[in-house]
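Worksheet: the structure to be examined is printed underneath.
The values are calculated or read from the model by the stated rules, or taken from the named source; none is laboratory data. Computed from a predicted structure; not experimentally measured. Reconstructed Cβ throughout: ideal geometry from the backbone, glycine too, with neighbour counts over all protein chains shown.
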Amino acid sequence: MAYKIDPASLHTIAKQVVGRPLQDGELITRAIELLADDYPDLVDPAPGRWVGSKAGGILGKVRFSTSAPVIFGSPTGTQGFSGRYKHVNIYEFLMAGRSDSHDLDSDDTQLMTLSPGERTCLERGRARGLTIHPGS
């Protein structure tokens, strides 16, 4: 499947902003600037509005810079269900904090931990239990 925004490019951008301050907005601002530089016809670099979101029991804030990617954060941490998407892969690129997940569709009981600069892909049709730690 061809993507308008290449997952490898998103991963590169996520790694470039790791370590920048999250509290003053520098990390998110710089990530969006880099996205807009790479995809000027798809990403609006203007400051956006954060919107509260609860999906699958996962509570946090989202900011849309285009139809995709979505920037999600949880200052207090949250847990829930990833969702199950029939037609798309869902890529996660962690820029700050920590995310733990486990596969709900297999006998695997291992916890998968994602750290800043790392990425994962929830393949279409699959689902995970998810813990997003504070500051992620």
Only one of Thr66, Thr78 is at pLDDT 85 or above and either farther than 17 Å from Gly125 by Cβ or among the basic types (Lys, Arg) (or both), namely Thr78
Over segment 5-42, the set of residues over 27 Å from Thr76 (Cα atoms) and over 16 Å from the mean Cα position of the chain (by Cα) is Ala36, Asp37, Asp38, Tyr39, Pro40, Asp41, Leu42
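Restricting to segment 104-126, and then to whatever is touching a Leu at 6+ places or on another chain (Cβ under 6 Å) and either modelled with pLDDT under 95 or outside any loop (DSSP other than H, G, I, E, B) (or both), can you tell me which residue is surrounded by the fewest Cβ atoms within 10 Å (Cβ to Cβ)? Quick ask: steps written out before the conclusion?
Restricting attention to segment 104-126, the residues satisfying the condition of being touching a Leu at 6+ places or on another chain (Cβ under 6 Å) are 114, 116, 118, 120.
Subsequent filtering for residues that are either modelled with pLDDT under 95 or outside any loop (DSSP other than H, G, I, E, B) (or both) retains 114, 120.
Details: Leu114: 20, Thr120: 15.
Once the filter is applied, the top-ranked residue is Thr120.
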Looking across segment 45-71 at residues that are in contact (Cβ under 8 Å) with a residue 60 or more places away in the chain and part of a strand (DSSP E or B), the single one that is surrounded by the fewest Cβ atoms within 10 Å (Cβ to Cβ) is Ile58
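Might you check whether a residue that is farther than 15 Å from Thr131 by Cα and at pLDDT below 90 occurs anywhere in segment 7-20? Steps first, please.
So in segment 7-20, the residues farther than 15 Å from Thr131 by Cα come out as 7-20.
The next check asks that each one be at pLDDT below 90; those that pass are none.
Scanning segment 7-20, I find no residue that is farther than 15 Å from Thr131 by Cα and at pLDDT below 90, so the answer is no.
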Condition set assigned to a loop (DSSP other than H, G, I, E, B) and touching a helix residue (DSSP H, G or I) at 6+ places or on another chain (Cβ under 9 Å), scope segment 80-103, selection surrounded by the fewest Cβ atoms within 10 Å (Cβ to Cβ): answer is Asn89
Leu35: passes all of (1) out of contact with any strand residue (DSSP E or B) (no Cβ under 8 Å at 6 or more places or on another chain); (2) surrounded by fewer than 17 Cβ atoms within 10 Å (Cβ to Cβ) but (2)
